[in-house]
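One structure is given below, encoded as structure tokens.
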Amino acid sequence: MNLVDKIDKSKLPQHIAIIMDGNGRWAKEHHKPRVFGHKNGVKSVRSVVEGAAEIGVKFLTLYAFSTENWKRPKLEVTALMQLLVNTISKEINDLDKNNVRLLTIGNIESLPKDCYNELLYAKEKTKNNTGLSLVLALSYSSKWEITDAIKKIAWEVENKKLSSDSIDESTLDNYLNTFNMPDPEFLIRTSGEHRISNFLLWQIAYAELYFTNKHWPDFRKEDLFEAIFDFQNRERRFGLISEQIKN
Ligand code: FPP
């Protein structure tokens, strides 16, 4: 049986988040500069987006550039930004035709102007699409996001728009960049590292984690399907005991 046919479409994770890791190491193994790894990583992005849309995943979040990534060599940062602009401008019509809605999380105002403008255009163009929501995490880190949310909540309290007694978990949910999205139920990280790297720390409280040794440029939609199949064979207990789940 085909891998995709083994997936139970009625039990898909609504939101999948991916830490795309290993572009640099993949390039090194191919005796090429790091940027070659990033360029090939775009092929994986295309395949995984296609796969997720094909089976009916609602949200797919890709960790494309972290707050910490700004500290990489200038040449690599510039190349990544250029790759992002080129990829979005090249793919946007196809994404739109396939009913994909593009969203972002992170401090996108800190990106170069052309990149920022391209993203605004792409988000506006696809805003009414009802298929897969593709969320790019750009200049994103979870600690930045939570700090920013707390600042906004503090401002509301200071200005008497919110009482501190009324603050609960849903208040923080509403001030995060992900305020209109379901929490990821499944987090995938490629390239053999077992870390979260400041990604969606609040939102993945109950997510299932999946690690593969494949470097990101080798990851394809078939690998996504295999991961989802693994997810579907896990028992998610949310703090309860097995018998409670089964009943
Ligand atoms: C991590 O590998 C990858 C990144 C920091 C960038 C990911 C970017 C892309 C796949 C291309 C553009 C994306 C989109 C959405 C168009 P690494 O460089 O940390 O690899 P290493 O750990 O082996 O050095």
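Values in this text are rule-based calculations from the coordinates and carry no lab data. Since this is a predicted model, take the numbers as computed values, not measurements. Glycine gets a Cβ as well: all are built from the backbone with ideal geometry, and neighbour counts include every protein chain shown.
Work out from phi, with θ = phi - 60° and the Karplus expression 6.51 cos²θ - 1.76 cosθ + 1.60, the ³J(HN,Hα) of each residue of the stretch 47-61, listed in order in whole Hz, and give x for Gly and Pro.
5, 6, 5, 4, x, 5, 5, 4, 8, x, 5, 8, 10, 10, 10
So which of Lys143/Lys221; Lys58/Lys161; Lys43/Lys123 end up more than 25 Å apart, counting from Cα to Cα? Please list the in-between numbers first.
Numbers: Lys143/Lys221 30 Å; Lys58/Lys161 33 Å; Lys43/Lys123 21 Å.
Checking Cα-Cα distances, Lys143/Lys221; Lys58/Lys161 exceed 25 Å.
I'd like to compare 103-115, 54-66: which one has the highest average count of other Cβ atoms within 10 Å, and what's the full order after that?
Numbers: 103-115: 16.7, 54-66: 20.5.
Going from most to least packed, we get 54-66, 103-115.
Just how large is the dipole of the stretch 108-178 about the Cα centre, in debye to the nearest 20, putting +1 at every Lys and Arg Cβ and -1 at every Asp and Glu Cβ?
240
How many angstrom separate the Cα center of the stretch 43-66 from the Cα center of the stretch 208-222?
Between the Cα centre of the stretch 43-66 and that of the stretch 208-222, the gap is 12 Å.
Under a point-charge model restricted to the Cβ atoms of Lys and Arg (+1) and Asp and Glu (-1), what is the dipole moment magnitude of the chain relative to its Cα centre, in debye to the nearest 20?
Details: 35 positive and 34 negative charges, 141 e Å.
Around 680 debye, computed over the chain.
Amide H to amide H under 5 Å from Ala64: which residues, 5+ apart in sequence or cross-chain, H placed 1.01 Å off N in plane?
Under 5 Å from the amide H of Ala64 lie the amide H atoms of Ala137, each far enough along the sequence or on another chain.
Which ³J(HN,Hα) values, rounded to whole Hz and listed in residue order, are derived for the stretch 145-159 from phi using the Karplus coefficients 6.51, -1.76 and 1.60 in 6.51 cos²θ - 1.76 cosθ + 1.60 with θ = phi - 60°, glycine and proline given as x?
For the stretch 145-159, the Karplus curve yields 4, 5, 4, 4, 5, 5, 4, 5, 5, 4, 4, 4, 5, 4, 8 Hz.
Among the listed pairs Lys28/Lys113; Lys39/Lys97; Lys39/Lys151; Lys9/Lys39, give every one whose C-alpha distance is greater than 26 Å.
Numbers: Lys28/Lys113 31 Å; Lys39/Lys97 23 Å; Lys39/Lys151 37 Å; Lys9/Lys39 31 Å.
Too far apart for the 26 Å limit: Lys28/Lys113; Lys39/Lys151; Lys9/Lys39.
I need the fraction of alpha carbon pairs in the chain separated by more than 34 Å, rounded to a whole percent. Don't skip to the end; give the middle numbers.
On the way: 5392 of 30381 pairs.
The calculated P(r) of the chain puts 18 percent of pairs beyond 34 Å.
Only counting other Cβ atoms within 10 Å, I'd like Glu226, Glu243 sorted with the fewest neighbours first. Intermediate values should be presented prior to the final figure.
Values: Glu226 16, Glu243 7.
Exposure proxy ranking, most exposed first: Glu243, Glu226.
When the Karplus curve 6.51 cos²θ - 1.76 cosθ + 1.60 is applied with θ = phi - 60°, which whole-Hz ³J(HN,Hα) does each residue of the stretch 96-103 get, with x for Gly and Pro?
Along the stretch 96-103, the couplings run 4, 4, 8, 6, 8, 9, 8, 10 Hz.
Taking square-rooted eigenvalues a ≥ b ≥ c of the alpha carbon gyration tensor, is the stretch 39-111 rounded, prolate or oblate, where a/c under 1.5 means rounded and, failing that, a/b exceeding b/c means prolate?
Judged from the Cα gyration tensor, the stretch 39-111 comes out prolate (a/c at least 1.5, a/b above b/c).
Distance between the C-alpha centers of the stretch 93-163 and the stretch 174-188? Whole Å please.
Taking the Cα centre of each part, the stretch 93-163 and the stretch 174-188 sit 12 Å apart.
Identify, among Ile88, Leu119, Asn99, the residue whose Cα sits farthest towards the positive end of the charge dipole of the stretch 78-129, taking +1 on the Cβ of Lys and Arg and -1 on the Cβ of Asp and Glu, with the dipole about the Cα centre.
Comparing the listed Cα positions along the dipole, Asn99 ranks first.
Under 5 Å between amide H atoms, partner at least 5 residues away or on a different chain: which partners does Ser133 have, H built in plane at 1.01 Å?
Phe59, Leu60, Arg101
Compute, for the stretch 13-84, the length of the dipole vector about the Cα centre, with Cβ point charges of +1 (Lys, Arg) and -1 (Asp, Glu) only. Units Debye, rounded to 20.
Magnitude of the dipole: close to 300 debye.
Quick one: which residues, 5+ away or cross-chain, put their amide H under 5 Å from the amide H of Phe186? H built at 1.01 Å from N.
Result for Phe186 returns His15, Ala17, Glu208.
Tell me the Rg and the Dmax, in Å, that the Cα atoms of the stretch 161-202 produce.
Cα-based Rg and Dmax for the stretch 161-202 come out at 14.4, 46 Å.
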